[in-house]
1. Using a Förster radius of 35 Å, what is the FRET efficiency between residue 283 and residue 186 based on their Cβ-Cβ separation? Nearest 0.05, please.
2. As a quick test, which of the pairs 37/189; 114/183; 37/114; 189/285; 28/106 have an alpha carbon distance above 23 angstrom in this structure?
3. If DNA, RNA and ligands are ignored and the probe is 1.4 Å, what is the ranking of 250, 301 by accessible area, most exposed first?
Amino acid sequence: MDLDTNFHPGGSLPVEYLDKTPLVRDVKMDAVIHYAKRVRDWPALEHAVEQKIEDQWEFVNWWARHVTIHHGAGRGNKKMTDPSSFSADSVKRITGIGPERVSRWKKKLRDRDKYRAQLFGAAYYKAWNGAGVHVSHNSGENEWYTPLRIIEAARSAMGSIDCDPATSDAANKLIRATVAHTKKDDGLKHNWVGNVWLNPPYLQPLIATFCQRLLEQMNGRDGRVVQACVLINNATETVHGQMLLAHCKSVCMIAGRVRFMDEHGEEKRTPIQGQMVLFFGDDSKQFRHYFKDLGVVLVRSD
């Protein structure tokens with residue numbers, strides 16, 4: 001069928017998909033990313049990477065809802081009588097984006113964190129580790145520290161912070177965990193005990209590995225974790241995000257974006273992502289009490 005811009009339900013085809021705008025935007029973001037890396041403009045790089053991922057995500061989801069691929073008579077992912085569907089050929093003619101490109105995007109978007117890291121590139125992370133340039137919020141070596149109000153809310157909700165398996169000596173001056181593991185002694189090699197505060201390194205596969213380790217320590221035979229608060233980006237579509245959400249008892253979606261601090265307690269530039277704190281423990285009422293002023297708190301009902 002030809003592309004009909006007045007389909008129902010859903011109103012009209014999004015204006016940005018009536019021409020090659022999505023393809024042009026994607027190519028433009030590639031150019032910005034390349035230039036930002038060359039001149040080491042990290043804020044511009046962050047913005048371009050996030051914009052590229054978001055644009056691709058929106059197009060892939062729109063494609064899944066409204067585009068039909070012909071596989072021969074009687075086959076396809078939508079009935080052609082559905083007024084909200086369009087043929088892949090007609091969409092490709094208009095936008096320049098066909099099934100092959102959508103398939104590549106979809107594959108990359110299955111793990112946004114990995115895809116984001118690939119787009120940022122090695123030079124970005126080298127600068128980040130060496131000069132305190134912020135990717136997200138690792139409480140370890142990048143010199144960006146969690147605001148005291150979040151740490152104190154976690155301490156009050158759990159009663160104490162007995163273990164921080166991913167920290168630094170400087171960060172632990174604020175967190176004051178009884179047991180603090182740094183990059184030097186590798187928290188992944190130790191058992192975690194008591195009430196745990198975890199702000200994992202934001203590099204794949206480390207972030208997923210630390211999150212998996214927490215669940216193992218809570219549920220495995222060697223685990224002695226009683227409660228835990230985990231601070232990560234609110235990227236609910238990621239593998240580690242889904243893994244934690246499937247097991248936590250409560251989650252606080254932090255309002256706004258967290259203003260992290262440097263080693264002197266001064267606020268630094270906010271990250272480009274929002275954050276959430278996930279709670280693992282039996283007293284969700286206590287968690288809600290101390291986190292309700294920081295953002296919306298959701299409590300598992302089952």
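The values are calculated or read from the model by the stated rules, or taken from the named source; none is laboratory data. Values in this document were obtained by computation on a predicted structure and should not be read as measured data. Backbone-built Cβ (ideal geometry, glycine too); neighbour counts: all protein chains shown. Surface accessibility is based on the protein's heavy atoms, side chains included, excluding ligands, DNA and RNA. Shrake-Rupley method; radii C 1.70, N 1.55, O 1.52, S 1.80 Å.
1. Numbers: r = 31 Å, r/R0 = 0.87.
Calculated value: 0.70.
2. Details: 37/189 35 Å; 114/183 21 Å; 37/114 18 Å; 189/285 33 Å; 28/106 19 Å.
From the list (37/189; 114/183; 37/114; 189/285; 28/106), the Cα-Cα distance tops 23 Å for 37/189; 189/285.
3. Details: 250 0, 301 120 Å².
Result, largest first: 301, 250.
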